[in-house]
Amino acid sequence: MRPKLKRSCVIIFIVCFAVLLSAVLKGNEGLMQTLPVYRHYRCKLCHQSAMPSRGDLNQFGKDFMTNGYAWDETLAGMDSDGDQYKNGLELGDEDGDGVPEVLIERSNPGDPLNNPTSIDKDTWGVIKNLFKD
């Protein structure tokens with residue numbers, strides 16, 4: 001294959017890949033927007049990693065999918081991650097009506113080690129600064 005033709009093929013491939021990737025990311029953004037709040041955890045609400053793939057859904061992601069990707073009182077009333085806090089409390093919309101009572105998640109309903117009583121790294125930093133000499 002001639003170098004110029006090879007380079008053109010690579011460029012076309014990269015453009016096609018970028019278009020497909022943007023469509024996938026836009027689709028995921030649309031799904032996130034059906035949740036009451038999602039800004040802090042974003043993809044990690046439903047996935048085990050920040051760079052998600054279809055196969056790495058956490059239990060909240062599986063419950064969300066099983067519920068037809070709908071946020072409602074059924075999903076809000078579940079405790080997907082088994083941490084004794086209902087999804088609605090963790091996402092700040094306890095009744096599941098889609099109107100959050102808080103503007104940021106209290107915790108991640110897909111992570112059993114993250115719950116409303118957890119202190120995140122940012123908050124801990126603020127607390128430590130209060131006691132500095």
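The numbers here are math on the coordinates, done by the rules we state, and not lab data. Predicted model, so just to flag it, every value in this text is computed and none were measured. Here the Cβ is made from the backbone with ideal geometry for all residues, glycine too, and neighbour counts use every protein chain on show.
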Self-check item: Among 31-39, 56-64, the order from most to least packed when residues are scored by Cβ within 10 Å on average
Solution: 56-64, 31-39
Quiz item: Under 5 Å between amide H atoms, partner at least 5 residues away or on a different chain: which partners does His47 have, H built in plane at 1.01 Å?
Solution: Asn58
Practice problem: Find, to one decimal place in angstroms, the Kirkwood hydrodynamic radius of region 34-130, where the mean of 1/r is taken over every pair of different Cα atoms and then inverted. | Solution: 13.5
